[in-house]
Amino acid sequence: VQYKRKPVKTETPPPFIDDNSERVFTCESTGHSGYTFFEAMESEQEAAQEIDSTLPEALRARVLEWVQFMTIPRMDDLVNQVFDHFREHYSVGDRVVLDTEQGKRPGLIKSMTDTSRLHSMFNGQFNEEFRSYTYICAMDNGEELTRYKASELLRDRRVYSKIILKQFLRSAITRDPWHGAPWMVKDHLAKRYNIPTKLPDAKTREAIVAAKKAAIADRAAVILGPDGGSPPVNFPNAGNYQMNGIRPMQGNGQGPNSIGLYSGGQPQPHGLAGAPVPIPPYPYTGPANHYVGPPPHLHDALSHQPPLVQNGPLPPHLQQIANASRLPLPPNASPSSNVAGQVSANIPPHLAQQIPPQGPGGLPISLPFQNNFMQYQTLAPPQHLQQQHPIPAPRTTFEPVKYPIDDLRIKQPRVNVARPALKFFSDDVPEGNEAPDEDNGTGILMKSIGPILTIWETLNVHDGVYSLDSFTLDDFVEAMGYSAEEPECELLVEVHCAVLKQYVNSSGKLQIQLPNVVEDDESSDEEDDESREATPEPEPPKRTTRSSLRKSEVAEIVEKARTPTPEPPKQIHKAAEFVAEYDWVEECQERKFRDGGWQAMLVAVLHRLSYNPSQKEDCDEILAQLVPPDEDPSIENIADNYLNMDVNLRVTALDIILRLTVTTDEFRELLQTAAQDMTNLRKEKIEFQRKRKELADEMFKLDIERKIALPLNTPQSPTESKDTPDVSMVDAEDAKEDEGASETEEEVQTSRKIRKAVKQTKRKRDSEVAKKEKAKKAKAEAAKTKQQKDWEKLLDDIEKKKEQLRECEANIQELDDDLREAKVHRSMILGKDRFLNKYYWFEHNGMPFGGVPQSSTAEYGYANGRVWVQGPDEMEFQPNLTEEACKLDQQEFGWTVPLRKSLEEGPTHLTNSREWGYYDDPEDIEKLIAWLDERGTREKALRKELVMFKERIAEYMAKLKEHLGDAKDDDEDQEMEDEEEDEEVEAPKTRSTRNKASTSAEKEREEDEEPRCLAWTNSIMRDRQGHNHSEEYEPPKRGRKGTAKVTKGKGRK
């Protein structure tokens, strides 16, 4: 490009800024935000594909046509209405589920017949909004079923649910960004389903704004009255229409039934003084009342009434009555008309006569102006009229209370049972509680209990991030108070080193964003002094002497205000001087934690964090102990000062540096991995649950078969059978032969032959019977063997199913434990009681119940072993303690929340969330469960959790007591042995030998009474890396002079 025959130098294009890579986009289908443009577009495409594969095509057009131009503001409410509307509005071709005798079966609506006219032919009324159909459904097997009600059909939950409808509507409809804008179907979908897109005139922005303005104007007109003045006396909130439905306090002469001056000394707007017509606060929405005139019993009274003299126009509701009764309205009236003349047609004569005549000022003539209650007594109706027409008392219906309700709304609390007393871990206890003995004190204050529990749980739950072995709470508390230089407490050192390693990785890059260091501008004062201009001296008067000049100068010096020189700020610590010469980032990269290294890094990190205003006070207090202003800031002095530092300051320092480690990328990746693991575990659990259900069904069928076959396979009880022996007739025949001695020998031979033949015949018959019995027994045995085999097979199948079912249950239980341990994102409370105290059992989630089984202290068998109770949050519990809330509770229930708290909580109380107590006795847990009231929502959930884990809690409480009891028993046994040894020692002859013996005994006792926290070692780190955190650094080895030989490096120790 040339300009005036010279080339034009174009400006360099600006650097390309890719806005699409910023995470500011939102997926319209799912509503998730924090995406880049391409991620959001990909999410929308995936959601569209999912919707296309699930939601039926025939249902989409009807849903979009129904929601077009709707003005429901919230998407959730719109989804609920769509779901409820189309749940029973079917069309031909919809997939439905029918409830038949064989169970739920899927089908397809083949045809629909409108039967609405059949239902309306008897009464002659037909409503288009309520229609009925007869549905003919085709089943999968070709069978056709008829249903006469839409309630007998169900939609398939896999394709029709609120989640699917919400995703579909998010991606299909939109609306303009102004209040009250209607929902509009997107253009491509409107063209696809032939849905009109022209906005109705009544739903345009201008029409909606105009309707709102008209509604506001109508409301103002109703409030101000028909004449534009003050509202009538009988109108709700009269005289103060900004009370939002609450009637203001009534002064003298300003009640709704009073007769007197209206506001401004004017008479009331209409003549119903003393008998106001109640106006309903809400518009009437019932059936139309076609009769508008006066009641029937007043027709005769109204027909004989003389023409009324009226002052100005009647109110709208009285004009309707007058028009209905066709009474002529007076053409003229004067302001001095009496009250009786202002009585409308709907007041009976006997009531109108009770109203006295009215004077020109609006008051009765016989009475002066009285702005007090005597005026009401004078104008009140006679007593006999009130007795003749008593006002019936409103009926109060008994409404049963549906539990559970809010715990503090229970009208009859159980005050006869008190909560078991809490125990306290700290030396200072809340007011009203007994403090522990000085001998048993640990030096820990109540303000440190919360940070101690937070640190312990974080390091045990996320042991994979910090590479730390699990440890018990008692060992951790003892390690935080350990102050001996030798031997070194590995738990104390490893905890600090593991946390500091999260700040700097092995490449020397900071993993945590720290506050910037603000440098003090020391030269600011000097610049201010130089920039000050010399104030010009006032010129002396013309005729002056030397003495007058001196007097004026002295007066100026005296009058001149002296500016006090500010004192320099007192130095609190020397951390800045130490950090200026100490590169803690490089030292942390090389992992130089030993010989005071981690204490020096702690000082550097706390000094950097002290530039954060919210942490400055705590950091300065700790640094004043580690790097005092009167000592040289060296690594050795810092290490010595840490040994002498208070345990509460140690806890605060560790808590401060631990908070920032949860913001590292490694920590976030762990949380994402845990979430993915939980998803996979839930899927596996669902598979095992489905398998368990199938096994249970098969088990049920086999058990039915077993019950049927049981009578046939039950062994019969043994019966005593008395077999009658066969009687042989041979002896009888022999006897007969003996008696017949007179027989001849021939006869004897003949009889012998006959007996022989009889014996042979009997033998054959017996053998045949024996063969038949044997065959019968063999046949029965064969049949019995087959039946027995089937029975044994059935029993074997049942045992196999039982074994599979037990294995499936074990897998589900294991997955439940894995799911519980994978919930590492936050601490889960057991619940809250009626006074909003929070109950924690830290083994509830994120860790094994008894700690890691491979840890160095796994033999203890517990991790925490206590149920901790945290006091109520001030923002949550304070509204119940205000004076107004106490008055309302006293009126409604007869008691106040502070009174209930003092009576029902027993001897120990917690007032705020910084106070902690605990239970370590299973009996206290039983008493606590008995104290909880299931009628309250909070305590019902808490009781459910306590009952569910009661056995586990009791088990590990017993192990805690066993561990601590064994340690105390060992100490007592050692003391007894030392006393016996001292008694057995003979009286020494010299003083020097006695001193030597006592000194050696004390040394042995000190060696035996070694703290339990020294038994812990970082076994996980040693198994993985071969060393712990503090041993990671290896100092470089110096080579010999004059040699250039390269030697092979040795491994780590």
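The values are calculated or read from the model by the stated rules, or taken from the named source; none is laboratory data. Model, not experiment: these values are computed from the prediction. Cβ sites come from the backbone with ideal geometry, for glycine too, and all protein chains shown count toward neighbours.
Out of all the residues in the range 828-841, is one or more under 27 Å from residue 426 (Cβ atoms), part of a helix (DSSP H, G or I) and either hydrophobic (A, V, I, L, M, F, W, C) or touching a His at 6+ places or on another chain (Cβ under 6 Å) (or both)?
No - not one qualifying residue is present in the range 828-841.
Is it true that residue 769 is among the hydrophobic types (A, V, I, L, M, F, W, C), at pLDDT 80 or above and either more than 60 Å from the chain's Cα centre (by Cα) or not in a helix (DSSP H, G or I) (or both)?
Here the answer is yes, as residue 769 does meet what is asked.
Of the conditions (1) of a type in the set (A, V, I, L, M, F, W, C); (2) modelled with pLDDT of 95 or more; (3) farther than 18 Å from residue 831 by Cα, residue 867 satisfies every one except a single condition; which number is it?
Among (1) of a type in the set (A, V, I, L, M, F, W, C); (2) modelled with pLDDT of 95 or more; (3) farther than 18 Å from residue 831 by Cα, residue 867 violates only (3).
Among the helices (runs of 4 or more DSSP H) confined wholly to the range 611-721, which include 3 or more residues that are closer than 30 Å to residue 785 by Cβ and among the aliphatic types (A, V, I, L, M)?
Filter on the range 611-721 gives 665-709.
Name the pairs whose Cβ atoms lie under 6 Å apart, with the first residue in the range 101-118 and under 16 Å from residue 153 (Cβ atoms), the second of a type in the set (A, V, I, L, M, F, W, C) and not in a strand (DSSP E or B), and 6 or more positions between them or separate chains?
109/92; 112/92
Could you list, in sequence order, the residues of the range 176-206 that are surrounded by 14 or more Cβ atoms within 10 Å (Cβ to Cβ) and assigned to a loop (DSSP other than H, G, I, E, B)?
Hits for the range 176-206 are 180, 181, 182, 183, 186, 195, 199.
Would you confirm whether or not the range 644-664 contains a residue that is surrounded by fewer than 16 Cβ atoms within 10 Å (Cβ to Cβ) and among the β-branched types (Val, Ile, Thr)?
Within the range 644-664 (the criterion being surrounded by fewer than 16 Cβ atoms within 10 Å (Cβ to Cβ) and among the β-branched types (Val, Ile, Thr)), the answer is yes, since at least one residue qualifies.
Any chance you could count how many residues in the range 34-70 are farther than 21 Å from residue 193 by Cα, touching a Lys or Arg at 6+ places or on another chain (Cβ under 8 Å) and of a type in the set (S, T, N, Q)?
The qualifying residues number 1.
Is at least one residue of the range 873-881 part of a loop (DSSP other than H, G, I, E, B), more than 26 Å from the chain's Cα centre (by Cα), more than 30 Å from residue 685 (Cα to Cα) and touching a residue at least 40 places away in the same chain (Cβ under 8 Å)?
no
Does residue 160 meet the test of being of a type outside the set (Asp, Glu) and at pLDDT 85 or above?
yes
Need the failing condition index for residue 448 against (1) out of contact with any Phe, Trp or Tyr (no Cβ under 9 Å at 6 or more places or on another chain); (2) modelled with pLDDT under 70; (3) buried (at least 17 other Cβ atoms within 10 Å of the Cβ), just the number.
(2)
Limited to the range 854-900, what total is found for residues that are among the hydrophobic types (A, V, I, L, M, F, W, C), touching a strand residue (DSSP E or B) at 6+ places or on another chain (Cβ under 9 Å) and farther than 19 Å from residue 470 by Cβ?
2
What's the number of the condition residue 167 fails, among (1) farther than 30 Å from residue 105 by Cα; (2) assigned to a helix (DSSP H, G or I)?
Exception for residue 167: condition (1).
Please enumerate the residues belonging to the range 809-840 that are among the β-branched types (Val, Ile, Thr) and within 18 Å of the chain's Cα centre (by Cα).
824, 829
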